[in-house]
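What follows is a short report on a single structure.
Since every read-out is calculated from the coordinates, none of them should be taken as a lab result. In this text, all values refer to a predicted model and were calculated from it rather than measured experimentally. Cβ sites come from the backbone with ideal geometry, for glycine too, and all protein chains shown count toward neighbours.
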Ligand code: ADP
């Protein structure tokens, strides 16, 4: 059986900030179902209780390897007080800061993973590294002096966050050195070859793409994380202190609050949509202060129509996906996006911009509403189309059904990863 070790910074449900957490919490599970021998390695963050872990090895006096099963998958944790095991997953709330502390944390983590491999404490055929946090592992494995035979896959979950310090760029190291590069949707795989979306690495990516070494594999959803809940608009409105009105269309948002997510396409429309249509908004997210403040302000100004929670709240996120009528995702770019797929699962209609994985998963007027231009007016136009559909109960139910019928489970994509691993092993 082929052995694969995932190296990552997040894994749902034990350490999740965004979509990367969902993917590492579900893809390894799907792969082990189809006969891949899987393990995951993460930092032992402060929020992961030590008492639930089993000690496996001592790397040095301050650094210890632990393990535990998570969702049936073997997970290793590296504990180190100075670098890994104090503080939150990311030191900045946007998860997008290139702070020295963050950089040092993941350099330390990557070096420790490499040591575990070179000392033979961990053995694997494939290292599957994810985003800049593990880019250095790939580089170390590719060095001429390295005797290890493991092949490397490097997955780009978000090219915008590169782990840059001075001349160092750990995302670039992953891209340069991995045997194979993947990203999380077919459209994003094409977009990152352009200057507009390439974040300064498009030249390097084009080179690898021309050699057939860059592929887009669509992320899936692990539906066991998202049990169906019955709709009850009145109870939901009551709970959040909004005007109780079964006719009011509810727009939900669950998102990291960064410029990527197009939040500032939404905010100019809030007042008008409330005034004209009695719309209601539920915002859940955290990140950039300016965006947090804008959403807080909307709730303050329209307390009966807008509910805002700044923070991370798994429970509320489930309620928003399952109880809203529309789910907003007007992203400027979106490598894959899981929010729109989770919303569809609940029959909540996604409103998305035509980019990356949003373009690959939502069909305009069939399973959602899709707009092109990054302008509030373009978003407003598709919202109006959506409200037209909403008014007609038959057309609303038809669209909801189309949404619910979509199947974004991991099966197909997990097969594609498995094929890739086998290909790499054979090409050795
Ligand atoms: P990204 O990976 O860019 O953050 P995705 O749409 O791929 O965006 O995934 C976001 C995931 O994180 C979803 O599961 C979403 O529900 C979750 N999420 C984002 N922000 C919050 C929050 N504030 N509270 C709870 N869950 C959140």
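Kirkwood Rh over Cα pairs of region 74-129 into Stokes-Einstein at 20 °C, 1.002 mPa s: D in µm²/s?
Diffusion coefficient, whole number: 169 µm²/s.
Using the Cα atoms of the chain, I'd like the radius of gyration and the largest Cα-Cα distance, Dmax, both in angstrom.
21.9, 68
For region 191-248, I need the span (max minus min coordinate) of the C-alpha atoms along each principal axis, in Å, sorted largest to smallest.
57, 27, 16
Separation of region 198-224 and region 320-382 by C-alpha centroid, Å?
22
Would you mind putting 135-143, 10-18 in packing order, based on average other-beta-carbon counts within 10 Å, highest first?
135-143, 10-18
Scattering from the C-alpha atoms of region 1-59 alone, worked out with Debye: what is log10 I(q)/I(0) at q = 0.14, 0.27 1/Å?
-0.44, -1.15
Let a ≥ b ≥ c be the square roots of the eigenvalues of the Cα gyration tensor of region 271-428; is it rounded (a/c under 1.5), or, if not, prolate (a/b larger than b/c) or oblate?
Prolate shape, in that a/c is at least 1.5 and a/b is the bigger ratio.
Would you kindly give the portion of the calculated P(r) for region 317-386 that falls above 14 Å, as a percent of all Cα pairs?
Summing the P(r) tail past 14 Å for region 317-386 gives 50 percent.
Just report the Cα centroid separation between region 390-414 and region 30-99, whole Å.
So the separation of the two Cα centres works out to 36 Å.
In whole Å, largest first, what are the principal axis extents of the Cα atoms in region 74-167?
37, 28, 26
When the C-alpha atoms of region 57-216 are aligned to their principal axes, what extent does each axis show, in angstrom, from largest down?
Computed over the Cα atoms, the extents are 46, 36, 35 Å.
Taking all pairs of distinct Cα atoms, average 1/r, flip it, and tell me the Kirkwood hydrodynamic radius of region 275-360 in Å to one decimal place.
The Cα-based Kirkwood calculation yields 13.8 Å.
For region 160-280, what is one quarter of the convex hull surface built on the Cα atoms, given in nm²?
It is 11.6 nm².
Report for region 105-231 the percent antiparallel among DSSP-assigned beta bridges with both residues inside it, nearest 5.
Around 15 percent antiparallel, to the nearest 5.
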